[in-house]
Amino acid sequence: MPVVLHASDPIDFDQPGKHHYQIAFHLDGSWGYSLVPLTVINGRRGRSSNGVICFGGTHGNEYEGQIAVRKLCVDLDPEAMLGRVILLPQLSESACAANSRVSPLDGVNMNRAFPGQARGSVSYRIAHFVKTRIFPLARIVLDLHSGGKEGAFPICTSFHPIPDRAQQAEIAQVAQLYDTPFVFIYASTMASGLLTDEAEGEGKVTLGGEFGGGETTSRWGVRHAYEGTLNVLRHYGLLEGEVLKVRPAGSPEPRLVKADQLHDYVPCPRDGVWEPRVDPGASVQQDEVIGCLHDFSEHGAEPLEIRARRNGYVAMMHLSARPLKGQTLYVIADAVDWRELTG
Ligand SMILES: [Zn+2]
């Protein structure tokens, strides 16, 4: 069984080998704890300045990252590694247990809780622990998501536009190691308090990704999340061996797309029943019908057609059949040449 430590306890992050813990964060409403799983691996072949931290379960109802990071906890062999890898397969442990995007303990979305608060509710205290105790231990931060009930995405890795050219080029290089069909640059202004915001702000090589959705488990999503993270470890020399392709031989290079302006995140104009007409990841022309909103109170009338506001790729589409007014209905993104980032 993992060793239970309290969040205020000292942790020997330099201990050689592989060590499994549960970090106990006290509950706010009763006696007891949220026990957050944490694995620390220090390779026995030597040290590295390129430590890696990998998170799953930042949102509880997104499973590919949870499974991939848990498999890494089991499979990684410190005898064959150098450097340090820190794995947290269920960061918002209470949300994971509840199959929920947000924690049922405090109603907080872990991916809006950063940089956290030392005396806040449980999600803020976990974020504060990550910010103050985990982030200082590595320079590469990976946060593996899926669309949950929110969005349908093509399988992608993702990052924000980064003002520092060298940091952005290194992130773009790491993004390709997952060999996903798409790599998505998304707007920093669409939300605040993200885990990735915080890590980027510290200058770390920071990557997110959407590896499935709909509270299901995508077989390909798990594969990209797991094999891609192994590729990151190989790329930085923590594991021996060449970076491997994840998709079958002959698959095209990951397509880089960017939606860094908020007007490309189009809100649903009214409640309705959503009928998509294209798939996530589709290339569309301006005014092409992306989908229709049906109003069954006027079932003899034509549905409301939702047309692409411009040419581009559909980087995200509302997942459920029942979008509400104001929810993001689709995101349209431009193709970008890799050379613009990696030069
Ligand atoms: Zn998520």
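The values are calculated or read from the model by the stated rules, or taken from the named source; none is laboratory data. Note that the coordinates shown come from a computational prediction; the quantities given were computed from them, not determined experimentally. Because the Cβ atoms are built from the backbone with ideal geometry, glycine has one as well, and the counts that use them run over all protein chains shown. SASA here: full protein model, heavy atoms, side chains in, ligands and nucleic acids out. Shrake-Rupley method; radii C 1.70, N 1.55, O 1.52, S 1.80 Å.
Numbers below:
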{"item": "Span per principal axis, largest first, for the Cα atoms of region 210-343 (Å)", "result": "63, 34, 27"}
{"item": "Euclidean distance of C-alpha centroids, region 116-143 and region 272-343, integer Å", "result": "35"}
{"item": "Mean separation of Cα contacts under 8 Å, 6 or more apart, over the residue count of the chain: relative contact order %", "result": "15"}
{"item": "Residue-normalised accessible area of region 245-289, expressed per residue, 1.4 Å probe, Å²", "result": "58"}
{"item": "In Hz, Karplus ³J(HN,Hα) per residue of region 57-74 (6.51, -1.76, 1.60; θ = phi - 60°; x = Gly, Pro)", "result": "x, 5, 10, x, 9, 10, 9, 4, x, 4, 5, 4, 5, 4, 4, 5, 4, 6"}
{"item": "Simple label model, 7 Å out from Cα along Cβ direction - ALA249 to ARG45, nm", "result": "2.6"}
{"item": "Most mobile of GLY208, GLY29, GLY312 in a GNM of the chain (Cα contacts under 10 Å)", "result": "GLY29"}
{"item": "Choice from ILE134, ILE185, ILE23 showing the highest fluctuation, given a GNM over the chain with Cα pairs closer than 10 Å", "result": "ILE134"}
{"item": "Rg [Å, one decimal], Dmax [Å, integer] - region 149-215, C-alpha atoms", "result": "12.0, 36"}
{"item": "Three principal axis lengths of region 232-295 [C-alpha, angstrom, descending]", "result": "57, 27, 22"}
{"item": "Cα pair distances of region 1-121 binned at 10 Å [whole percent]", "result": "13, 42, 33, 11, 1"}
{"item": "Alpha-carbon Rg/Rh ratio, for the chain, with Rh computed the Kirkwood way", "result": "0.99"}
{"item": "Shape call, region 203-245: gyration tensor on alpha carbons, a/c limit 1.5", "result": "oblate"}
{"item": "Choice from MET110, MET190, MET316 showing the highest fluctuation, given a GNM over the chain with Cα pairs closer than 10 Å", "result": "MET190"}
{"item": "Above-threshold pairs, the threshold being 20 Å between Cα atoms, out of LYS71/LYS258; LYS18/LYS131; LYS18/LYS71", "result": "LYS71/LYS258; LYS18/LYS131"}
{"item": "Within region 182-272, trypsin sites (Lys or Arg not before Pro) in DSSP loop having at most 12 other beta-carbon neighbours inside 10 Å", "result": "LYS245, ARG270"}
